[in-house]
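The next block holds one structure in the form of structure tokens; read it before the comments.
Bear in mind that the values in this text are calculations on the coordinates, not laboratory data. For clarity, every value in this text was computed on a predicted model and none was experimentally measured. Note that we place each Cβ from the backbone using ideal geometry, even for glycine, and neighbour counts take in every protein chain shown.
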Amino acid sequence: MKGAELSMLQSTDLARITLFGAPAVHPLKREEVVLAKASMNIENDGYISRLTVWDTKTHTETPLLAESGEGQPPALDHSPKWSPDGSLLAFIRKVEGSDELWLYRPESGAVLALAPGRKVKDFVWAPDGGSIVFISRVNEINTTAYAVKRMRYKLDGEGMTNGYTHLFEIGLESGEVKQITELESDHGNPAFSPDGKQLYFSVDFPGEDDRHKNPHIHVRDRASGSITTIDPEVKSISALIPLENGSLLGTGKETTPNSAEFDRWFIVRQNGKAVWLEGNIDVPLGYHIIGDSKRTGLNTVAAYHVASGTIVFAGTSEGRQSLYRLDTAMLHIAELPLSLNVHAFDVEHCDERETAVVFVGDAMDRLGELYRAVWQGESAAVVERITYDNEELLRQAPAVAIGELSHRTPDGWIVQGWTLERKDAEAAAPRAGTILMIHGGPHLAYGHSFHYDFWYLASRGYRIVFCNPRGSYGYGQAFSYGVVGQWGGKDVDDILGFLETAGTEKDEPIYVMGGSYGGYLVNWLIGHDHRFKAAVTERSICNLYSKIGSSDLGFQINLYELGGRTDLWNGEEHIMERSPIRYAERVTTPVLILHGEQDHRCPIEQGEQWFQALKRLGKQVEFIRFPGASHAMASSGKPRQRIARLDAVANWFQRNG
């Protein structure tokens, strides 16, 4: 490979990236924004995450809390939320691996744990600021032995979940923590009525059978404790927003809880059935673009600005996470156009004349930073950059050229995609090769977001080719459904068609790499197509038959994605036909398998089966295991494992160049 002498990004440069959490605007001093800033700490093999306050007028930064003392573990604070009057700030602090709820009193500078030892998944302030409702799982597990009581007894990233998520309320004066839900069901989406008299929340499995979601909405009268039940006749609920007129807005799925279907807006009036908004746009709510610019933590998809009766929410469209405005009186939705890709946001102010937000945004050639955007009427946004934390790393990285392409499929779909390669004077000629990258999901997307893997490999002389085949989010509901029952079918045609549209130089080596569903497609491709010089498959799938029973959600996700008509006992032939392991004998491509040992979404038995099959068949294969790592290791795992992963990928492609 030519290019060994190039100036290149190193795997350890990951630790130079500043990762921003979701911003929280002060309810009274609107120019004050608090958010978490995180970075990797290679020496301690963890992350440092501190809360900081930015003044959006003066662009000045002030640490919110004192740094940890000598000999103390580094701070791991994130997910701040102001009380309604701005006198208190609640946030999450990771203590011995558990996300605890903490409170900061700005007046005195005091910091205290509100519910020590409880792992908090989300929380919301009561409108009077006197209490906080939070979600925590009540697990039924001991270290000797325990009976599994539910289908969903494990969850990737969380581990064993042999219990249910419940709601708890803590009074800030008394400090008393009270559990306020009891059903054998997961509970979530707590939201107070504007006057604080009612607490709304979802109950995923009201029949206490967690095979299939059939969520109800419970409305708890806070004075009497009585419960009113609403059956909205939806298949999932992802957010609830009670309005001042007594109606209830929510987001969820209408026909199936599976990710192929978009979350959309519905309204419930007079405790009746959910009515889907006529103004719903053909865009999935939420953040679905893969990227490396935001640290994990609580992240609001929809923010209700009560004074103006406006909801601002995030959605994914054509490779970009954008913001939309929902008028709760007219139930009208309009896009707030931005050229940047939004990872998190909060509303600064909103009225008939103007909407202003602060947001964390990035682009393919720009790491995440904090911005402020203002829209007046139908005019374009005026965007102001607040932070420059990642500027030095970008200045020192090799320059890249980004190209956007489209491929028209034989049946008329347009596949959007891109190429990325270094363009500076040092760029290798000829290229070291083209790497075809395939995203996971399948209902996620590549897009206008910074991806360190791409820059890292491009700095070594490779061109990266990546696209959004059918099944990807952001191109309409029909496009997302296009892969259901067709895994390894027309989506493969889309990807290979895009690769041919992007073109390659004569005799240029072509490589392929993907993770999760992308890893499934890598395994599938190398059993059916022999153009690839080498492959990397990570956290992948090779045997759908065994995954259905071993994955945390295989019994739901995979059976639906196979078309929903077959199961283990009546569709073995169909399931195995769509499993790459059936075609292991045909593989001629050298393949590197990367897999986390605590991956519950695509369990490591998938990597083990693929390795054993290829090894027994005499194929060129290597297998790297990551102890303790979950499915999300590549983007949020332990620093040393993320670095080892990058080194392994670069070494594999170089050795097989």
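Looking across region 197-207, just one residue is surrounded by fewer than 16 Cβ atoms within 10 Å (Cβ to Cβ) and touching a residue at least 12 places away in the same chain (Cβ under 8 Å), and that is K197. Counting the residues of region 394-420 that are closer than 14 Å to S7 by Cα and either in contact (Cβ under 8 Å) with a residue 40 or more places away in the chain or aliphatic (A, V, I, L, M) (or both) gives 5.
Would it be correct to say that G441 is farther than 19 Å from Q10 by Cα, surrounded by fewer than 24 Cβ atoms within 10 Å (Cβ to Cβ) and under 19 Å from the mean Cα position of the chain (by Cα)? Before you say what the answer is, go through the steps one by one.
On the way: farther than 19 Å from Q10 by Cα: yes; surrounded by fewer than 24 Cβ atoms within 10 Å (Cβ to Cβ): yes; under 19 Å from the mean Cα position of the chain (by Cα): yes.
Taking the combined requirement at face value, the residue satisfies it.
Residue count for region 124-151 satisfying the condition of being closer than 25 Å to R601 by Cα and part of a strand (DSSP E or B): 5.
So which residues in region 606-640 are in a helix (DSSP H, G or I) and without any contact (Cβ under 8 Å) to a residue 40 or more places away in the chain? Please lay out each step first, then the result.
Taking region 606-640 and keeping what is in a helix (DSSP H, G or I), we get 606-616, 633-636, 639-640.
Residues satisfying the conditions are E608, F611, Q612, L614, K615, R616.
Within region 222-237, the residues that satisfy the criterion of being of a type outside the set (K, R) and more than 20 Å from L249 (Cβ to Cβ) are A223, S224, G225, S226, I227. The listed residues are I241, I230, I237, and the only one of them that is in contact with a Pro (Cβ under 6 Å, 6 or more places away or on another chain) and of a type in the set (V, I, T) turns out to be I237.
Working only within region 564-579, note down all residues that are polar (S, T, N, Q) and surrounded by 15 or more Cβ atoms within 10 Å (Cβ to Cβ). Within region 564-579, T566, S579 qualify. Of all the numbered requirements in (1) within 30 Å of A634 (Cα to Cα); (2) in contact with a Lys or Arg (Cβ under 9 Å, 6 or more places away or on another chain); (3) not basic (K, R), D122 misses one, and that requirement is (2).
Based on what the data block shows, is A36 in contact with a Ser or Thr (Cβ under 7 Å, 6 or more places away or on another chain) and small (G, A, S)?
In short, yes.
The residues of region 187-211 that are farther than 19 Å from Y153 by Cβ and of a type in the set (G, A, S), listed by number, are A191, S193, G196, S202. Within region 582-605, residues that are within 18 Å of I557 (Cα to Cα) reach partners that are among the β-branched types (V, I, T) with beta carbons closer than 6 Å, at six or more positions or on different chains, in the pairs C602/I541.
Give the residue, chosen from E404, E391, E378, that is surrounded by fewer than 15 Cβ atoms within 10 Å (Cβ to Cβ) and within 30 Å of E352 (Cβ to Cβ). First the steps, then the outcome.
Numbers: E404 fails: within 30 Å of E352 (Cβ to Cβ); E391 fails: within 30 Å of E352 (Cβ to Cβ).
Exactly one residue qualifies, and that residue is E378.
Take R264 and tell me if it is under 13 Å from L331 (Cβ atoms) and either more than 22 Å from the chain's Cα centre (by Cα) or aromatic (F, W, Y) (or both). For R264, the condition - under 13 Å from L331 (Cβ atoms) and either more than 22 Å from the chain's Cα centre (by Cα) or aromatic (F, W, Y) (or both) - is not met. Restricting R220, R211 to those that are outside any strand (DSSP E or B), basic (K, R) and either surrounded by 18 or more Cβ atoms within 10 Å (Cβ to Cβ) or touching a residue at least 40 places away in the same chain (Cβ under 8 Å) (or both) reduces the list to R211.
Looking only at residues in region 528-563 that are basic (K, R) and over 22 Å from L155 (Cβ atoms), which one is surrounded by the fewest Cβ atoms within 10 Å (Cβ to Cβ)?
From region 528-563, those basic (K, R) are 531, 533, 539, 547; that's our starting set.
Imposing the further condition that a residue be over 22 Å from L155 (Cβ atoms) reduces the set to 531, 533.
On the way: R531: 14, K533: 17.
Among those residues, the one meeting the criterion is R531.
Taking each residue of region 250-270 that is closer than 18 Å to L326 by Cβ and free of Cβ contacts under 8 Å to residues at least 60 places away in the same chain and looking for partners that are surrounded by fewer than 21 Cβ atoms within 10 Å (Cβ to Cβ) and among the aromatic types (F, W, Y) with beta-carbon atoms closer than 9 Å, six or more apart or interchain, yields E254/W276; R264/W276; F266/W276.
Just to be sure before I move on: is R366 surrounded by 15 or more Cβ atoms within 10 Å (Cβ to Cβ) and within 23 Å of R16 (Cβ to Cβ) in the structure I sent? Taking the combined requirement at face value, the residue satisfies it.
Of all residues in region 580-622, exactly one satisfies the criterion of being buried (at least 24 other Cβ atoms within 10 Å of the Cβ) and among the charged types (D, E, K, R), namely D599. Can you confirm whether region 248-271 contains a residue that is of a type in the set (G, A, S) and surrounded by fewer than 17 Cβ atoms within 10 Å (Cβ to Cβ)? Checking region 248-271: not a single residue is of a type in the set (G, A, S) and surrounded by fewer than 17 Cβ atoms within 10 Å (Cβ to Cβ).
For region 54-75, state whether one or more residues are surrounded by fewer than 21 Cβ atoms within 10 Å (Cβ to Cβ) and under 20 Å from the mean Cα position of the chain (by Cα). Among the residues of region 54-75, not one is surrounded by fewer than 21 Cβ atoms within 10 Å (Cβ to Cβ) and under 20 Å from the mean Cα position of the chain (by Cα), which makes the answer no.
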